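Here is the structure we will look at.
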Amino acid sequence: MFFRTIVNFYHDVTREKIKSTIMASAVAILGLLVVYPIGILFWKSFLDQAGNFTLANYVAVFTEPGLSVALKNSLIVASWTTLACAAVGMPMAFAVARTNMPLKTLVTGAVLISFVIPSFIQAIAWILLLGPRAGLINVFLRNTLHLPLNLNIFGMPGLVFVLTLNFYPLIFYGLVAALNNMDPSYEEAARMVGAKSWQSAIGISFPLVSPALFTGIVLVFLDGVAAFGAPITIGLPAKIPVITTRIYQLFSYPPRYELAAACATPIVVLTALGLISQRLYLGRKQFITVTGKASHPEPIDVGKWKYVLLAFCLMVVFVAVVLPLMVLVRTSLTKVWGLALTAKNFTLANYQMLFDPTFYVMRSIENSFVLGVAAATFCVILCVVICWMVERAKVKGGEILTFLSMVTFAFPAMALGVGILLGFMVKPFNLQGTLTIMLIGYMSKRVSYAFVLIRNTMKQIDPEFEEAGRLVGASWFRSIKDIAIPLLKSGLMVAWILVFAVCLRELSMAILLYLPGNETMAVSIFNLLDDGALEGSATVSVVVSVMSIAAVFGVRKIVGKSVMEI
Amino acid sequence: MSKYKVVLKDVVKKFDDVVAVDNVSMQIEEGESIVLLGPSGCGKTTTLRMIAGLIKPTDGQIFIEGKEVASKDRIIPPEKRGLSMVFQSYAVWPHKTVAENIGYGLKFKKLRRSDIKERTKKTLDLVKMAELADRYPTELSGGQQQRVALARALVLEPKILLLDEPLSNLDATLREEMRFEVRDLQKRLGITTIYVTHDQEEAMVIADRLVVMNDGCIEQIGAPEEIYKHSRTKFVCSFIGLTNIISAEVEGIYPEGHKVRMKSGLGQDASVNYLDWQSGNFATGDALSFYIRPEDVAVSKNKSDLSTDAENNVFTAKVLNCTFLGPIYDLRVQVGELNLRAQTDNAIGYEKGDEVLVYLDPEKCCLLLDVACLL
């Protein structure tokens with residue numbers, strides 16, 4: 001009897017130990033993934049190459065001509081992109097959320113696709129369409145229409161144009177969600193006091209959703225500053241350096257790591273400022289009227305204007321989705337992309353290349369899959385534990401864990417990549433050029449996605465489900481395994497697929513962290529482009545686009561709503 | 001072995017700096033049905049969850065069958081306590097069928113598959129759910145889910161059953177029906193039950209003893225009838241049923257009849273009963289109150305109809321309002337400077353402004369002392 005008691009007590013203790021070991025490891029891993037690289041980034045930015053404290057790096061950022069120009073360009077590009085995105089996104093959101101325009105589902109779906117196509121792929125498509133001499137649109141204008149026009153994508157307008165096609169969905173989805181969630185009685189009340197439907201929409205609804213618009217604008221601006229894909233493919237040949245492409249160049253031989261770290265800081269500071277201003281703005285606008293009500297206000301009958309709106313939406317969709325995808329597919333099926341797609345010029349060789357074991361492209365596809373699967377799986381496991389600690393155990397310091405898990409969400413990938421490289425290339429890690437350092441980088445950036453998604457799902461599941469399990473005899477571990485995980489299943493799947501999908505297209509971190517041997521698909525696209533093999537580059541782009549689109553529509557199937565609404 | 005099934009000793013629970021449960025002690029006997037009753041935020045659910053092992057007390061001890069299960073530095077996890085619990089949200093697992101929900105806990109008892117099946121079936125019969133064994137919870141009504149939750153708890157043949165507002169999500173008719181069903185099951189199985197609710201009628205049906213809680217501590221423990229008739233505090237008498245509380249001053253004490261004479265806004269002195277435990281705890285001149293339930297306030301137009309020949313406690317009053325409620329009339333009358341509520345079955349034709357006589361039976365007027373929580 002006495003012995004039994006001791007054994008039972010021992011079991012209780014070991015179980016508690018397993019639980020606390022799991023939780024402690026999760027915190028340690030999070031620290032290593034997030035706190036360590038960000039800390040290293042800031043610390044290194046204050047060192048010279050010999051390791052002594054200096055402010056010279058920061059002085060250089062603002063005075064060295066190459067760098068200060070890049071910083072200025074970044075701000076200019078981001079500002080124009082923000083303006084253009086608002087101009088495109090606002091009328092589209094209004095048309096979809098509040099009018100009787102037809103084909104709304106089609107438009108919404110197409111916007112999602114344009115968001116999913118990575119900006120460097122969008123850029124490649126537009127190089128093929130608007131390259132100064134051989135661009136297909138230019139050829140068409142010149143040879144078929146005999147117009148003395150030559151549009152050149154390589155320039156500031158071209159760069160802003162491509163970024164706009166990539167980022168306008170941020171404003172569109174934010175506004176549509178806000179307009180749909182808004183309590184319709186506010187508009188109805190305006191109608192009752194005599195406002196026409198369009199007057200109540202503009203006078204009441206738009207001001208009420210202005211916080212959502214503000215959020216969208218901040219996001220677009222920050223993404224514009226942090227963008228790397230389009231600036232490297234379009235901006236660099238056009239001699240428009242931005243801060244992210246400069247950081248990239250600082251890593252080429254001889255590398256100037258400390259200066260790169262200092263260059264990353266302005267992006268981080270801007271991001272922080274943007275998010276703080278958004279907080280302040282939202283904090284003041286306490287009248288946000290988002291209710292859970294399912295009832296939507298009557299769509300406004302805009303008469304013939306609905307065709308004008310539809311024409312506008314379809315044009316955007318055509319330019320942002322149909323044209324680029326078409327030109328990529330077409331190019332991938334040609335021997336020489338600049339020539340017409342005739343039987344003689346047709347080939348499937350580009351797709352055969354994907355399976356050529358002697359060529360690095362096949363390896364890059366494998367690497368991307370391995371990295372995507374590993375990053376998604378580890379992120380989901382890590383976040384289940386951390387979310388459980390924050391949401392269920394309500395551990396002390398839960399807010400800190402939440403902050404740490406989310407901080408990389410807003411942290412620019414390029415800056416984070418610098419931190420990861422500086423942090424893990426040194427002893428005791430020595431990981432430079434390995435797939436592991438890339439995995440660490442991917443996880444560091446994407447742990448925030450998994451965290452947000454899993455926490456939201458966990459919030460929706462009553463903790464009493466797990467408690468009921470404990471009360472009928474299940475241990476902590478069993479209650480998680482038998483009850484929490486099955487109930488979280490769809491949330492976990494969504495998190496996994498999204499992390500996997502964004503890892504497949506990751507460019508900025510991959511390009512900083514890879515060495516020959518561990519290329520990823522995005523790196524292949526970039527390298528093929530660099531080598532002038534546009535057909536091959538387009539082919540891999542088609543693969544990445546198709547998989548990204550499949551992923552988001554798969555998620556939509558699972559959760560029954562679009563990704564942006566989660 | 002202790003003779004008590006569950007013992008709470010000076011249990012305290014703080015969430016950060018907020019005291020949710022403040023020094024609660026109680027003893028629960030085998031087979032007893034205890035109801036923790038109080039308004040929301042009074043600490044009743046927190047107390048229950050500490051007994052369950054879902055949260056850890058900040059201070060104090062909890063014993064189950066004489067064995068310490070929780071103290072400041074040691075806690076036995078819920079699955080090791082031999083309790084079952086029915087949750088407010090039912091928490092019937094949506095990814096398991098009715099039978100799987102009920103059978104899940106039996107797996108941890110290392111039973112054979114056939115035994116699990118048999119016990120599951122027996123329990124489903126007990127809660128009249130046998131034909132729905134293979135359904136998923138989403139296909140069930142609220143009442144049916146409630147039965148599944150109950151069956152899941154009962155199938156383990158627990159020593160102690162905990163119920164956290166189990167009926168609060170049901171509609172009124174079903175709630176009333178289930179009350180009696182739960183009470184009936186509890187009596188039939190002789191199971192020690194701790195039940196949390198804020199609904200005093202429900203509490204009256206379920207409880208052998210009520211534990212009335214307010215602001216984290218226990219104001220009174222006792223049988224429902226005792227608590228209703230001899231409320232210990234102002235809070236208890238106003239929370240349990242309707243009541244008239246009258247502020248007054250002690251004019252004289254008459255120990256032989258257990259009576260005090262009290263001066264109040266009623267216009268003339270009233271004779272009020274006091275209890276043994278109260279004697280000696282007050283003195284002439286003290287400002288205290290007493291209460292009388294509306295159904296104990298007799299109202300009539302003729303003195304001869306009042307079932308008393310005493311001159312004491314008969315007041316003249318004016319009708320302010322008379323509402324017909326079906327079985328009874330609900331009256332508001334003005335006595336002196338005070339408004340009293342009365343409920344009677346004979347107030348036919350009473351109208352606003354009528355002059356009436358009101359009799360407050362001294363036996364039913366109860367003295368209230370300013371006492372602290374039970375420790």
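Averaged over the residues of peptide B:150-159, the number of Cβ atoms from other protein chains lying within 10 Å of each residue's Cβ is 1. Between A:Ile558 and B:Ala223, the simple spin-label model (points 7 angstrom out along Cα→Cβ) gives 6.0 nm. Close amide H contacts of A:Asp183 (hydrogens built in the peptide plane, cut-off under 5 Å, sequence separation of 5 or more or a different chain): A:Thr291. Diffusion of chain B by Stokes-Einstein, at 10 °C in a medium of 1.306 mPa s and with Rh set to the Kirkwood radius over alpha-carbon pairs, works out to 68 µm²/s. Estimated from helices alone, the mean residue ellipticity of chain A at 222 nm is -22000 deg cm²/dmol (sum of -39500 (n - 2.57) over DSSP H runs with n ≥ 4, per residue).
Entry for region A:474-566 at q = 0.13, 0.24, 0.25 Å⁻¹: log10 I(q)/I(0) = -0.61, -1.11, -1.16, Debye formula applied to identical alpha-carbon scatterers, no solvent contribution. Membrane-span-like helices in chain A, defined purely by DSSP H runs whose alpha carbon atoms cover 20 Å or more axially and whose average Kyte-Doolittle hydropathy reaches -1.0, are A:2-30, A:65-98, A:156-181, A:210-226, A:257-284, A:360-387, A:435-460, A:485-504, A:534-559.
Ranked by the mean number of other Cβ atoms within 10 Å per residue, highest first, peptides A:269-277, A:115-123 order as A:115-123, A:269-277.
Within the same chain, aspartates and glutamates fewer than 8 places from A:Lys459 are excluded, and of the rest, those with a Cα less than 14 Å from its Cα are A:Glu391.
Across peptide B:83-91, the mean count of Cβ atoms from other chains lying within 10 Å of each residue's own Cβ comes to 5.
Find, among the trypsin sites (Lys or Arg not before Pro) in region A:357-396, those assigned to loop by DSSP (not H, G, I, E, B) with at most 12 other beta-carbon atoms within 10 angstrom. Can you show the working numbers first?
Values: sites: A:Arg363, A:Arg392, A:Lys394, A:Lys396; in loops: A:Lys394, A:Lys396.
When the trypsin sites (Lys or Arg not before Pro) of region A:357-396 are filtered for loop state and at most 12 Cβ neighbours within 10 Å, A:Lys394, A:Lys396 remain.
A Förster radius of 56 Å combined with the Cβ-Cβ distance from A:Asp301 to B:Glu311 puts the calculated FRET efficiency at roughly 0.10. In this simple spin-label approximation, A:Lys481 and B:Ala172 carry label points 7 Å from Cα along the Cα→Cβ vector, and these lie 4.9 nm apart. Is the C-alpha gyration tensor of region A:6-131 telling us rounded, prolate or oblate? Criteria: a/c under 1.5 is rounded; beyond that, a/b larger than b/c is prolate, otherwise oblate. Taking the square roots of the gyration eigenvalues as a ≥ b ≥ c, region A:6-131 is oblate. Bridgeable aspartates and glutamates around A:Lys239 (alpha carbons under 16 Å apart, same-chain partners fewer than 8 residues away excluded): A:Asp530. Relative to one another, the C-alpha centroids of region A:215-255 and region A:403-462 are positioned 20 Å apart. Looking at region B:152-225 alone, DSSP beta bridges between its own residues are antiparallel in about 50 percent of cases. For the set B:Lys80/B:Lys122; A:Lys481/B:Lys3; B:Lys5/B:Lys110; B:Lys259/B:Lys301, the pairs lying more than 30 angstrom apart at their alpha carbons are A:Lys481/B:Lys3. Counting Cβ atoms of other protein chains within 10 Å of each residue's Cβ and taking the mean over peptide A:454-466 gives 2. For the peptides B:204-217, B:344-357, the ranking by packing is B:204-217, B:344-357, with the highest mean count of neighbouring Cβ atoms within 10 Å listed first.
Close amide-amide hydrogen proximity is noted between B:Leu36 and B:Tyr195, B:Val196, B:Thr197, B:Val211, each under 5 Å apart and 5 or more residues distant or on a separate chain (H modeled in the peptide plane; Pro and chain starts excluded). Listed by chain and number, the lysines whose C-alpha is less than 19 Å from the C-alpha of B:Lys263, apart from same-chain residues fewer than 8 away, are B:Lys234, B:Lys364.
Going by neighbour counts of Cβ atoms within 10 Å, the residues B:Cys373, B:Cys237 line up, fewest first, as B:Cys373, B:Cys237.
Once you have a ≥ b ≥ c as the square roots of the Cα gyration tensor eigenvalues for region B:1-92, tell me rounded if a/c is under 1.5, and otherwise prolate or oblate according to whether a/b is larger than b/c. Can you show the working numbers first?
Numbers: a/c = 1.33, a/b = 1.12, b/c = 1.18.
Judged from the Cα gyration tensor, region B:1-92 comes out rounded (a/c under 1.5).
On the beta carbon distance between A:Leu339 and A:Asp530, with R0 = 25 Å, the FRET formula returns roughly 0.70. Between rounded, prolate and oblate, where does region A:318-461 land on the alpha carbon gyration tensor, with a ≥ b ≥ c its root eigenvalues, rounded for a/c under 1.5, else prolate if a/b exceeds b/c? Since a/c reaches 1.5 and a/b is larger than b/c, the shape of region A:318-461 is classed as prolate.
Regarding region B:55-159, what whole-number volume in Å³ per residue does the convex hull of its Cα atoms give? Mind showing how you got there, number by number?
Numbers: hull volume 12.1 nm³, N = 105.
Residue-normalised Cα hull volume stands at 115 Å³.
Using Cα-only point scatterers and the Debye equation, what is log10 of I(q)/I(0) for region A:334-399 at each q in 0.11, 0.13, 0.22, 0.26 Å⁻¹, rounded to two decimals? Here the Debye-derived log intensity ratios amount to -0.55, -0.61, -0.91, -1.00.
Can you give the extra length, in nm with one decimal, that the chain gains between A:Phe318 and A:Met362 once fully stretched, where that is 0.36 nm per residue apart less the Cα-Cα distance?
Values: separation 44, 0.36 × 44 = 15.84 nm, distance 3.15 nm.
Stretched out fully, the A:Phe318 to A:Met362 stretch lengthens by 12.7 nm.
Per 10 Å bin from zero, what fraction in whole % of the C-alpha pairs of chain A is there, up to the bin with the longest pair? Going out from 0 Å in 10 Å bins, chain A shows 3, 15, 25, 26, 18, 9, 3, 1, 0, 0 percent. Residue pairs exceeding 20 angstrom between C-alpha atoms, taken from B:Lys159/B:Lys187; A:Lys445/A:Lys557; A:Lys17/B:Lys67: A:Lys445/A:Lys557; A:Lys17/B:Lys67. As a rough footprinting exposure proxy, the listed residues A:Val308, A:Val407, B:Val92 were ranked by other beta carbons within 10 Å of their own, and the order from fewest upward is A:Val308, A:Val407, B:Val92.
Computed from backbone phi with θ = phi - 60° and the Karplus coefficients 6.51, -1.76 and 1.60, the 3J(HN,Hα) list for region B:211-217 is 10, 8, 10, 8, 6, x, 9 Hz; x is used for glycine and proline.
How much mean residue ellipticity at 222 nm does chain B get from its helices, if each DSSP H run of length 4 or more adds -39500 (n - 2.57) and you divide by all residues, to the nearest 500 deg cm²/dmol?
On the way: 8 runs with 83 residues, N = 375.
About -6500 deg cm²/dmol.
So how do A:528-541, B:313-326 stack up, highest first, on mean other-Cβ count within 10 Å?
On the way: A:528-541: 21.9, B:313-326: 15.4.
The packing order, highest mean first, is A:528-541, B:313-326.
No value in this document is a laboratory result; all are computed from the given coordinates. Predicted, not measured: the structure shown is a model, and the values here were computed from it. For neighbour counting, all protein chains shown are included, and Cβ atoms are generated from backbone atoms with ideal geometry for every residue, glycine included.
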